[in-house]
Amino acid sequence: MHKSLIALVGAAGIGLAALATAPAPANAGCFGCAVGAGILGGVAAGAIVGSAIANSPPPPPPPGYYPPPPPPGAYYPPPPAYAQLAPGCHWGRRKVWVDGVGYRWRTVQVCP
């Protein structure tokens, strides 16, 4: 039953496809003219909208907030010669001010 149902559906699909693609009688109307006019209108509308967007001024920059620099004498990472830990200290991640960039997370020596 299942195989015959699949065969019937397949045959009906092929039959409908054959009817839908049957050749039509010759028509002297200009069906292609309407398609061409639609394409030409779309290209013209795209050119008008595109030139309007291209000639518009750029939007203003978004308001940005940059945190203030740290006070003088703030922590800067020690030179590589002093990379050993002091007694009672450990390495930890802290926010450090980086000139020209802002605050960044760095691994620093933390002493209680």
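Just so it is clear, none of the values below were taken in a lab; they were calculated from the coordinates. What you are looking at is a predicted structure, and each value in this text was computed from that prediction instead of being measured. Using ideal geometry, Cβ is built from the backbone for each residue, glycine included, and neighbour counts are taken over all protein chains shown.
Placing dummy labels 7 Å off each Cα toward the beta-carbon, the span from Asn55 to Val98 is 4.5 nm. Taking 0.36 nm per residue of separation and subtracting the current Cα-Cα distance, fully stretching the chain between Ala34 and Ala12 would add 4.5 nm.
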